[in-house]
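**Q** Pasting in a structure now, in structure tokens, and then I'll have a few things to ask.
The values are calculated or read from the model by the stated rules, or taken from the named source; none is laboratory data. Please read these numbers as outputs of a predicted model, since none were measured by experiment. Virtual Cβ from ideal backbone geometry, glycine too; neighbours counted across all protein chains shown. The area values use the complete protein model at the heavy-atom level, side chains included, leaving out ligands, DNA and RNA. Shrake-Rupley method; radii C 1.70, N 1.55, O 1.52, S 1.80 Å.
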Amino acid sequence: LQETAMTRKEPHEKRTGDILDAAVAEFVEKGYENTSVESIARRAGLTKGGLYHHFGSKDEILMKANARFSEPIEKIAREAFADKSPSHGLKRYISSYLSWWSEHERELTFIFLSLTKAVSDSKLRGIYEGYDEEVAGFLAELYRAGIRKGEFTDFDPRPVSRALYAALDGILCYIILSPDLTAEKAASDLCTSFITPYKNGKKQS
């Protein structure tokens, strides 16, 4: 029975992945409004009915694709938080975050398209509802851990964390558009602005 269940699960996961891959390609090429469920299904090698067996709507596909792309970022966050040095973990997060997105331009384009759509569609804002608070909260906790360990001076990390979160996403546009700005250079600049000023003077790793 267990083997049968696994056999059924794998095709379902593969088909779901194929649909999400097809949807991202369609959204990036045509935009959300100009993409139809039929075109996604066709690109995924399914009938429209076959697609609806896995997803109930185009909006649901959009939400699932966004969730899928958040998984590697969550892994980066876990690794940063597990670092013994909070200040090093913060540097690690900034560098890894920018590197991952700069190496996945299609996925980044999709995220920007999704954000644009969510701004004009209140139904889709739920995709991002609370996400900014979650990310800013994670960054603030890294700062707080650094304060507790004596790596940072005592300050209120909440506004700094929100500004860092905004700066991370904002600078991604320039990394993609400017041939002179690399993820490494952008990460160095952000560390200079958001880590160096808050160090307490001790030697940092």
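**Q** What tally of residues in the stretch 59-103 results from selecting those that are more than 11 Å from the chain's Cα centre (by Cα) and either open to solvent by 50 Å² or more (accessible area, probe 1.4 Å) or at pLDDT 90 or above (or both)?
**A** Total satisfying the criteria: 26.
**Q** Test each condition in (1) touching an Asp or Glu at 6+ places or on another chain (Cβ under 6 Å); (2) modelled with pLDDT under 90 for T35 and report the one that comes out false.
**A** (2)
**Q** Quick one: which helices (runs of 4 or more DSSP H) lie wholly within the stretch 1-111 and hold at least 1 residues that are over 30 Å from A183 (Cα atoms)?
**A** 2-30, 37-44, 48-52, 58-82
**Q** What are the pairs with Cβ atoms under 9 angstrom where one residue, in the stretch 172-184, is open to solvent by 50 Å² or more (accessible area, probe 1.4 Å) and the other, located anywhere, is among the charged types (D, E, K, R)? Sequence gap at least six, or different chains.
**A** Here the result reads I176/E105, each pair linking the stretch 172-184 to a residue that is among the charged types (D, E, K, R).
**Q** Under 8 Å between Cβ atoms, at least 6 apart or on separate chains: pull out the pairs that start in the stretch 93-105 with a residue that is in contact (Cβ under 8 Å) with a residue 60 or more places away in the chain and of a type outside the set (A, V, I, L, M) and end on any residue that is outside any helix (DSSP H, G or I) and open to solvent by 40 Å² or more (accessible area, probe 1.4 Å).
**A** Hits for this filter: S102/T182.
**Q** Out of D156, D189, D132, report the one residue that is under 30 Å from R106 (Cα atoms), open to solvent by 30 Å² or more (accessible area, probe 1.4 Å), among the acidic types (D, E) and modelled with pLDDT of 95 or more.
**A** Result: D189 is the single residue among D156, D189, D132 that is under 30 Å from R106 (Cα atoms), open to solvent by 30 Å² or more (accessible area, probe 1.4 Å), among the acidic types (D, E) and modelled with pLDDT of 95 or more.
**Q** Looking at (1) crowded, with 19+ Cβ neighbours inside 10 Å; (2) of a type in the set (G, A, S); (3) modelled with pLDDT of 95 or more, which one does A118 not meet, given that it meets all the others?
**A** In the conditions (1) crowded, with 19+ Cβ neighbours inside 10 Å; (2) of a type in the set (G, A, S); (3) modelled with pLDDT of 95 or more, A118 misses (3) alone.
**Q** Moving on. Working only within the stretch 16-52, note down all residues that are of a type in the set (V, I, T) and open to solvent by less than 40 Å² (accessible area, probe 1.4 Å).
**A** T16, I19, V24, T35, V37, I40
**Q** Return yes or no: is F138 more than 16 Å from the chain's Cα centre (by Cα) and under 26 Å from S85 (Cα atoms)?
**A** It is false that F138 is more than 16 Å from the chain's Cα centre (by Cα) and under 26 Å from S85 (Cα atoms).
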